[in-house]
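Inspection log for the structure reproduced underneath, given as structure tokens.
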Amino acid sequence: MENNRLTHRRKNGQQIIAAWGLLLWLAAGVSGAAFAVASPAADTLQALLTPALPASQDDLASGPLTLAELARFYAARDYRPLWSSTSAERAWEAALASLVDDGLDPAWYLEQVPAAATAGDPCRELARTAVWLQAQLDLRFGALDRETVEPLWRLRPATTAEQRQTLLGSANALAANPAAALAAARPDLPVYRALREALRELLAELTAEPWPEVPRGALLRPGQSDPRVPLLRARLQAGYYLPDAATSAVSLNYDPLLVQAVESFQRRHALAVDGLVGPATLAALNETRERRSARLRANLERWRWLGQEQLPHQIVVDIAAAEIRYYRDDELRWGARSTVGRSLRQTPSLRSAVSHFTLNPHWTVPPTILRQDKLPAIRANPEYLAQQKLQVLDAQGQELDPATVDWRRPGAIVLRQQPGTDNALGQVAIRFPNPFSVYLHDTPSKQLFARAQRTDSSGCVRVEDVLTLVEQLLRSNNQFDQTAFAERLASGATSDLALLAPVPLLMDYWTADLDSSGTLVLRPDSYARDEVLAAAISARPHPPLALPPNCPTF
């Protein structure tokens, strides 16, 4: 993914597509007999598959394609073979070849169908169909089981049986056009289409000269002269952020046109848009095409997962962007900045539902923060507890005199901060069931939201303008009484306010998305997950192909 490509490249691509279309049209016009291949009879396929038919739709499993699903697919088409002509086989191969733009390896699918043992081999017919259907499942639900790579904790288990049945029905309806079936299985999301296009363009450049690397050095400010400027200029030109003739290729001056190009680059990479070339901007500039393609492939997989998480009414915490959004009736009703967990105390990915609010909350210091942050601070500064307005409680909740505690070995104590203007949770905490003891909350430290990178919490999510979100959620349940709500806040007393109907909440991590203008933005990978996920996709094992036991060679 780099900036907009030159117009002539798109025209060339359109001409190539048109030429292929003409060739396919001509091929289709040739006599069917010329392209006929030996194919298994319907009764042969029926004999192989009938024992595998499930007793009911409920028997269909999640995960890889099952033999029962393959049997039901063929039963729905009266066991007519799919790949009974050379043109059909070529269409199958071309459809699977297109998976490279989805970040999936076509060979993973193609190599599972070896050459036919005999003319009209029914097992080869079934193997072709099995991998074609598996590709559709991979596009719709993700190629990997995310619980093995980037787990999403769920309040309730996800069910995909109905969606799988719908997908297989669609595949049968589009059986004459294998590529159209794959297209229908892809997430119908603008960001997914943008990611495919970005990966397609990047893959076409992998054999080109590497992007110029800009050496590390002192912070480069607008107007300065620096020997690295020609390389910076060349890198931005290679990414189409700067026309080739925009500035002198040999000038060492970091001039206004170059600053503008850097700011455009920073905007496309979710960096502070300040024109300063520092460590974060250099790291993004010096990312290789290979690493960039790995990050795109990782995000394509994430959006295949996220395609199943789209709900018309929900709160979404975008962890990588440190942003939060509220949707109602499929429309964005509110959005704000947030802060999320640092790399060593990551905000968890989860699917839950907001159940209630705590107004004027106490803050009970979590054990990790107590052990790693508070105890060292208390040992270093005897006045720390008083300054932070922290109470010391024993295991039974009884207040202790801090002077009586051996802070080198404090035992089973609890630190609690009283409600008030200095409370770490601010005026409200937004609660939802989860095993991580995380929640959304207000903060007295409003200045934190002004930072470009907002990964500095211990896992919980600070929310900018949180009272507006609380109001929106209460209004969605017809529960908002402005006067009564303001009085409860002003009282200073801690109280819980339950939602009549919990509101779904998704907290998840992805590093590529569209901005408000529809432009693809690739963000910093704060949790270092992109390359790990891309490697897992590349190392994906082959599960046993869903074929009848009478097909032992597969």
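The values are calculated or read from the model by the stated rules, or taken from the named source; none is laboratory data. Since the model is a prediction, treat every value here as computed from it, not as a measurement. Glycine gets a Cβ as well: all are built from the backbone with ideal geometry, and neighbour counts include every protein chain shown. Each accessible area value is taken on the protein alone, full model and side chains, heavy atoms only, with ligands, DNA and RNA left out. Shrake-Rupley method; radii C 1.70, N 1.55, O 1.52, S 1.80 Å.
Observations on the model:
- Qualifying residue in the range 291-304 (condition: modelled with pLDDT under 95 and either touching a helix residue (DSSP H, G or I) at 6+ places or on another chain (Cβ under 6 Å) or in a loop (DSSP other than H, G, I, E, B) (or both)): no
- Among residues of the range 410-420, those that are surrounded by 14 or more Cβ atoms within 10 Å (Cβ to Cβ) and assigned to a loop (DSSP other than H, G, I, E, B), counted: 4
- Among the residues of the range 389-409, the ones that are open to solvent by less than 30 Å² (accessible area, probe 1.4 Å) and either part of a loop (DSSP other than H, G, I, E, B) or over 30 Å from S338 (Cα atoms) (or both) come to 2 in all.
- Condition broken by F141, with the remaining ones in (1) closer than 19 Å to E69 by Cα; (2) surrounded by fewer than 22 Cβ atoms within 10 Å (Cβ to Cβ); (3) not polar (S, T, N, Q) satisfied: (2)
- Listed by first and then second residue, the pairs with beta-carbon distance under 8 Å, at least 6 apart or on different chains, first residue in the range 311-324 and free of Cβ contacts under 8 Å to residues at least 60 places away in the same chain, second outside any loop (DSSP other than H, G, I, E, B) and buried (at least 22 other Cβ atoms within 10 Å of the Cβ), are E323/V317; E323/S338.
- Which numbered condition N423 misses (of (1) assigned to a loop (DSSP other than H, G, I, E, B); (2) without any contact (Cβ under 8 Å) to a residue 12 or more places away in the chain; (3) under 42 Å from the mean Cα position of the chain (by Cα)): (2)
- Per-region count, the range 512-535, residues surrounded by 18 or more Cβ atoms within 10 Å (Cβ to Cβ), within 20 Å of E147 (Cβ to Cβ) and not charged (D, E, K, R): 3
- Restricted to the range 439-459, and to residues there that are touching a Ser or Thr at 6+ places or on another chain (Cβ under 7 Å) and among the hydroxyl-bearing types (S, T, Y), the residue that is least open to solvent (accessible area, probe 1.4 Å) is S457.
- Matching residues in the range 330-386 - criterion: being farther than 20 Å from Q310 by Cα, under 19 Å from the mean Cα position of the chain (by Cα) and of a type in the set (A, V, I, L, M, F, W, C): V340
- Any hit, the range 275-289, residues being on the phi > 0 side of the Ramachandran plot and either out of contact with any Ser or Thr (no Cβ under 7 Å at 6 or more places or on another chain) or in a helix (DSSP H, G or I) (or both): yes
- The residues on offer are T358, T368, and the sole one that is of a type in the set (S, T, N, Q), surrounded by fewer than 17 Cβ atoms within 10 Å (Cβ to Cβ) and more than 20 Å from L448 (Cα to Cα) is T368.
- Helices (runs of 4 or more DSSP H) fully within the range 129-232 counting 1 or more residues that are modelled with pLDDT under 95 and β-branched (V, I, T): 161-173
- Of all the residues in the range 205-218, those that are open to solvent by 70 Å² or more (accessible area, probe 1.4 Å) and either touching a residue at least 24 places away in the same chain (Cβ under 8 Å) or not β-branched (V, I, T) (or both) number 5.
- Any hit, the range 294-310, residues being of a type outside the set (D, E, K, R), farther than 25 Å from L202 by Cβ and open to solvent by 10 Å² or more (accessible area, probe 1.4 Å): yes
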